[in-house]
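Student: Can you keep this structure in mind? I'll have questions shortly.
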């Protein structure tokens with residue numbers, strides 16, 4: 001089972017959503033974190049032009065993100081292992097009603113041997129290990145693991 005891509009988001013309609021996109025191409029993998037403050041449109045990871053590589057120029061529609069991505073080619077097997085170890089313990093949907101603003105999140109994952117994407121998400125409710133997962137997934141931002 002090989003990981004093709006994942007998308008992760010967290011936020012709400014009032015403040016916007018932070019997004020993380022990660023994708024493996026033929027011989028390269030990249031990670032892109034897009035903060036809510038950019039007011040960027042939701043990106044289509046499956047778009048063949050959605051690729052960030054040093055060896056080729058970034059497609060014009062993605063150019064504003066050209067300096068924000070991280071090369072995670074070497075980390076990709078570890079990312080794949082972590083997702084495969086974490087996700088079997090998660091439910092598809094988490095919801096809890098509470099007063100005040102909502103805290104929404106979602107994770108979309110595609111493995112090459114799965115016909116459909118795996119979807120996980122929640123509103124004001126989270127898997128038990130969510131804080132550790134979110135810390136881990138955000139750790140790739142900023143090139144610390146490049």
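Student: Using 0.36 nm per residue of separation minus the Cα-Cα distance, give me the extension gain between residue 117 and residue 37 in nm, one decimal. Write down the numbers at each step before the final one.
Tutor: Values: separation 80, 0.36 × 80 = 28.80 nm, distance 2.76 nm.
My answer for the length gained is 26.0 nm.
Student: Also: With label points built 7 Å along Cα→Cβ from the Cα atoms of residue 64 and residue 92, find their separation and express it in nm.
Tutor: 3.4 nm
Student: For the chain, just the Cα set please: Rg and Dmax, both in angstrom.
Tutor: Cα-based Rg and Dmax for the chain come out at 15.3, 49 Å.
Student: Say each of residue 103 and residue 136 gets a label point 7 Å from the Cα, pointing the same way as Cα to Cβ; how far apart are those two points in nm?
Tutor: Spacing of the two 7 Å Cα→Cβ label points: 1.9 nm.
Student: Is segment 20-100 best put as rounded, prolate or oblate by its Cα gyration tensor, with a ≥ b ≥ c the root eigenvalues, rounded for a/c under 1.5, and otherwise prolate when a/b is larger than b/c, oblate when not? Present the calculation step by step, with values, prior to reporting the outcome.
Tutor: Numbers: a/c = 2.61, a/b = 1.34, b/c = 1.95.
Oblate, because a/c is 1.5 or more while a/b does not exceed b/c.
Student: Of the beta bridges DSSP finds with both residues in the chain, what % are antiparallel, to the nearest 5?
Tutor: Values: 31 of 34 bridges.
Of all bridge pairs located within the chain, approximately 90 percent are antiparallel.
Student: At 222 nm, what helix-only mean residue ellipticity would the chain give, in deg cm²/dmol to the nearest 500, using -39500 (n - 2.57) for each DSSP H run of four or more? All intermediate terms of the calculation are to be shown ahead of the outcome.
Tutor: Working: 2 runs with 20 residues, N = 146.
The helix contribution divided over the chain gives -4000 deg cm²/dmol.
Student: Now for a different question. Over segment 3-141, calculate the relative contact order: mean separation of alpha carbon pairs under 8 Å at least 6 apart, over the residue count, as a percent.
Tutor: Details: 206 pairs, mean separation 38.0, N = 139.
Relative CO of segment 3-141 lands at 27 percent.
Laboratory data are not the source of any read-out in this text; all were calculated from the coordinates shown. Everything numeric in this text was worked out from a predicted model, so none of it was measured. Here the Cβ is made from the backbone with ideal geometry for all residues, glycine too, and neighbour counts use every protein chain on show.
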